[in-house]
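Data first, discussion second: the structure below is written as structure tokens.
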Amino acid sequence: MTLIKSISGIRGTIGGKPGEGLSPLDVVKFSASYATWAKAESKKDKIKVVVGRDARISGEMVSSLVIGTLTGMGCDVVNIGLATTPTTEIAVVEEGADGGIILTASHNPKQWNALKLLNNEGEFLNAAQGEKILEVAEKEDFVFAEVDDLGNITEKDYTDIHVQQVLDLELVDAEAVAKAGFKVAIDAVNSVGGVAIPALLKAMGVKDVVEINCDATGEFAHVPEPLPENLVETSEIIRKEGVDVGFVVDPDVDRLALINEDGTMFNEEYTLVAVADYVLSHTPGNTVSNLSSSRALRDVTEKHGQSYAAGAVGEVNVVAKMKETNAVIGGEGNGGVIYPAAHSGRDALVGVALFLTHLANKGVKCSELRAEYPNYYISKNKIELTPDIDVDGILVKMKEKYSNEDVNDIDGVKIDFADSWVHLRKSNTEPIIRIYSEAGSMEQADELANKIIEDIKSFI
């Protein structure tokens, strides 16, 4: 059993003793802590909170606990039921709510669930806000409402509202997509993407849709993270069905992977690159991704004569950097597209609509579009250390060793070389340094990672 409490929420495996897994008692305690924080933040006695969930098996049980606790704390609840993470974010704003809770463990296996916490702008909490909620939970410093002050529950479905908002975006051209006559596949790993993405495709005039794992049962048909090794069967279906493009989403639909018409991967890192290329061709402006994302976004941004900036890893950090730089498009290399014209959160529906419009306008095959972008390869490694080793001290020494290079230390240490980069980040939970490196070939990326690992070992 595992329970992880962090500034971004609480996640864990279902079952076990309180404090060891995500038990009902833990769900209640954390929900009450969130309500306490949200009330204090809003300075109102009666607040409104939106609750949405993905399709995982434990979702209904956890949702009942969360909603019951919130109403028990005197909060009015808008229960939007099965909904993607970006749908829930949008609902918070549309409802004028004081916050929201998304019940999803994202790409984690079916035994996991989590409470992800939103502020009144439908965005994830920052570190300071998350710390306050952890403090309330630690002290169990919450007071439940008297019987006459209990909250009320309203039930709404926001999927159609979300789809319409995507269609209303200026750069989404449903007419061009319909005219292109695409045959499209969607693998939704049997979660809420199986409801939302086909609805979007239909609304965009896509008549030929191959639905793969689109039953929202929560019985994930394969490992739910949309990585190539988990999509072998999906890729084969797409190749055999003569599909123009395949879309794959994770259980809560904030990550988007693309598969070419020949069954090869477009590469998850390049979802954002392709969408940014389209957006920048119509809307000049800055771009942002996190420090561990591909350099290809910077290259495409500069090709359009615009400026790129990097934020720390984590959606909340990328959003903050986007606001700081007035970025028109940004996101993360895990297939997370953040388009501020829609809202400030990763949104696979927005990614699908913008990508299909881009593909329709280009008039090329999906694989041909991918070939237009620079090729980079990322090697992901880690080095395990003993608990007594000063990890922060090692990172400082690495920064000093490569001080003649372009070094960024807002999140670990990232060293930018002329034709490659390496990013070193320590784990918050274990004595580990994660080492991501990128170069023009996988061999070069692995070589760089091995060199950095040897450097680290020399400081131990």
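The numbers here are math on the coordinates, done by the rules we state, and not lab data. Being a predicted model, the structure only gives us computed values, none of them experimental. Neighbour counts are summed over all protein chains in view; Cβ atoms, including those assigned to glycine, are modelled from backbone coordinates with ideal geometry.
Data overview
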read-out	value
Sequence ranges 359-366, 290-297, ranked by mean other-Cβ count within 10 angstrom, highest first	290-297, 359-366
Least to most buried among 209, 243 (fewest other Cβ within 10 Å first)	209, 243
Residue (of 318, 249, 283) at the positive-pole extreme of segment 162-370, dipole from beta-carbon charges	283
Trypsin sites (Lys or Arg not before Pro) within segment 166-266: DSSP coil, no more than 14 neighbouring Cβ in 10 Å	207
Whole-Hz ³J(HN,Hα) from phi, Karplus 6.51 cos²θ - 1.76 cosθ + 1.60, for segment 312-328, glycine and proline x	5, 5, x, 4, 4, 6, 5, 4, 4, 5, 5, 5, 4, 9, 6, 5, 8
Residue 168-residue 134 FRET efficiency (beta carbon distance; Förster radius 56 Å; 0.05 resolution)	0.90
Cα-centred dipole magnitude for segment 3-157, charges only on beta-carbon of K, R (+1) and D, E (-1), debye, nearest 20	460
Built amide H within the under 5 Å cut-off of residue 6, gap 5+	11
Computed over the chain: relative contact order in percent, which uses C-alpha pairs under 8 Å that are six or more apart	11
Simple Cβ-charge dipole of segment 351-460, Lys/Arg +1 and Asp/Glu -1, about Cα centre, in debye nearest 20	400
Nearest-20 debye value, segment 162-370 charge dipole, Cβ charges on Lys, Arg, Asp, Glu	600
10 Å Cβ shell holding at most 10 others, DSSP loop, GluC sites (Glu not before Pro): longest site-free stretch of the chain	171-460
Value of Rg/Rh across segment 75-140 [Cα atoms, Kirkwood radius]	0.98
Dipole axis of the chain (+1 Lys, Arg; -1 Asp, Glu on Cβ), positive-most option in 166, 47, 188	47
Enclosed volume per residue, in Å³, of the convex hull spanned by Cα atoms of segment 377-458	81
Note, ³J(HN,Hα) from phi for segment 398-411, Karplus 6.51, -1.76, 1.60, rounded to Hz, x at Gly and Pro	5, 4, 5, 4, 10, 5, 7, 8, 7, 10, 10, 10, 6, 8
Karplus 3J(HN,Hα) series, Hz, for segment 361-374 with 6.51 cos²θ - 1.76 cosθ + 1.60 (x for Gly, Pro)	5, 6, x, 10, 6, 4, 5, 6, 5, 4, 5, 6, 9, x
Exposure proxy order (Cβ contacts within 10 Å, fewest to most) of 139, 414	139, 414
Net charge, residue 320 excluded, C-beta distance under 15 Å - Lys, Arg +1, Asp, Glu -1	-3
